[in-house]
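To start, the structure under review is shown below, and the notes come after it.
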Amino acid sequence: MGKILENFSKQLIAEYGVAVPKSAVAHTPEEAREKGEKLGFPVVLKALVPVGKRGKAGAIKFAQSGEEAESLARELLSVTVRHFPVEKVLVEEKIAIAQEWYLSITVDKGKQAPVIIASLEGGVDVEELSREKPEKVCTRHVDPLFGLAEYEAKEIWAGLGLSGKPLTLATQALVRLYRVFSEKDATLLEINPLVLTESGEVMAAASVMSVDDSAMYRHPELSNMVQLGSERAWRPLTELEKAMVEVNEADPYRGTARYTEMDDGNIGFLCGGGGGSLLSFDAIISFGGKPANYSEVGGNPPERKVYGITKGILSKPGVKGLFVAHNITNNTQVDIMAKGVVQALKDLGKDPATFPVVVREAGVNDEAAREIFTAAGIEYYGDDATITEAAKRIVERVQASEAGEGRN
């Protein structure tokens, strides 16, 4: 999934007719002052990072003057918010708020349908509100085939207690926001708060938005707004991680290849998903090894995807060996894995005679895979060995290789 920064999500919201505050993006303290002067004080300064709950993190400030805007922007641009360094600041007009509401639209994976969560108590954690005051929160699923009818949106807000003109405006906003969610293939659209201003206008004061990576081919207009793969990230993606996201998205409907880079480590790690990969990773560590990455590949990927992810794994500086392992597979052809891995090693000049590679595979076409791997001089195990035993071998071989380098 890919996250969209607030300035872009509000741009999309506005295109669908939902009111948003006037704003501008600043990259420097001086630029924040300039933008604030154009908008007119007071203004709100927000750290532009792809995370929510910025208010609690102290990443939202209020400035009454140009001098204060510059000072607060300098402060924001020097901090990290939940692992994300602040590189840009959203300078926004401060609106006069009469009421704050909460609204989010996301996907209920269990029911495989969009779900709307709304409350008239906005600006708070909806999880906490649901626990303490469940009667204040409305949860309503939407039929993905028929979408959200205007009367359904009206029922949500009326059930929470809205009436009169605010009810009409909130209904219009919800219908339009659901269109954004649906038509942009979003996985999350959270407006917290959705506000009723003192002048009687309903406005999206803050927004958090994520979209489905796999649907990006339908949305070229979003190409400069979305950072692919960022939905799974708890920190900014490294350059290598970004490159591996591109490898995966090049074939979005054939298999999955995921890559997470570790700060250090010397063993390249390429395993199947689920418990088998966790077992493999833990086994390497338990024997004293240091994985350079955590990477999963499965779901019958094409050879080029296996090749791309393997080449990425091996390109990380300091990698002294490669471990490839799957438990018994029924949806990934092991011979395709073999061809992709062997070709990547060859193209990068990694000779298995001197560069330790240990493979443990079992499943569809595993005999063909054995022939391919062993012909390339790679140490191969089938289901005659456990993943743990194979993990021990790669650690032993890498340690022996490094010891030999030390003697030289």
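Residues are listed down the side, and each one gets a yes or a no for (1) more than 24 Å from T238 (Cα to Cα); (2) assigned by TED's automatic domain parsing to the domain that holds L169; (3) in contact with a helix residue (DSSP H, G or I) (Cβ under 9 Å, 6 or more places away or on another chain):
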position: L5; (1), (2), (3): no, no, no
position: R33; (1), (2), (3): yes, no, yes
position: E37; (1), (2), (3): yes, no, yes
position: V43; (1), (2), (3): yes, no, yes
position: G55; (1), (2), (3): yes, no, no
position: V79; (1), (2), (3): no, no, no
position: H83; (1), (2), (3): no, no, no
position: Q112; (1), (2), (3): yes, yes, no
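Being more than 23 Å from V211 (Cα to Cα) and either under 22 Å from the mean Cα position of the chain (by Cα) or hydrophobic (A, V, I, L, M, F, W, C) (or both) is true of V137.
Of the residues making up segment 203-221, not one is in a strand (DSSP E or B) and either surrounded by fewer than 17 Cβ atoms within 10 Å (Cβ to Cβ) or on the phi > 0 side of the Ramachandran plot (or both). Within segment 81-134, being of a type in the set (D, E, K, R) and in a strand (DSSP E or B) holds for E92, E93, E100, D108. Here the condition is being in contact with an Asp or Glu (Cβ under 8 Å, 6 or more places away or on another chain) and of a type outside the set (V, I, T); of L90, L120, L76, it holds for L90 alone. Among the residues of segment 65-96, those that are closer than 15 Å to P29 by Cα and charged (D, E, K, R) comprise E67, E68, E70, R74, E75, E87, K88, E92. Put simply, of S199, S163, S119, S130 the only residue that is of a type in the set (S, T, N, Q), within 24 Å of N7 (Cβ to Cβ) and either surrounded by 18 or more Cβ atoms within 10 Å (Cβ to Cβ) or outside the structural domain of K56 (by TED's automatic domain parsing) (or both) is S199. Residues in segment 83-94 that are surrounded by 15 or more Cβ atoms within 10 Å (Cβ to Cβ) and in contact with a Lys or Arg (Cβ under 9 Å, 6 or more places away or on another chain) were compared, and the one that is farthest from V195 (Cα to Cα) is F84.
The values are calculated or read from the model by the stated rules, or taken from the named source; none is laboratory data. Since this is a predicted model, take the numbers as computed values, not measurements. Ideal geometry is used to build each Cβ from the backbone, glycine not excepted, and the neighbour counts take in all protein chains shown.
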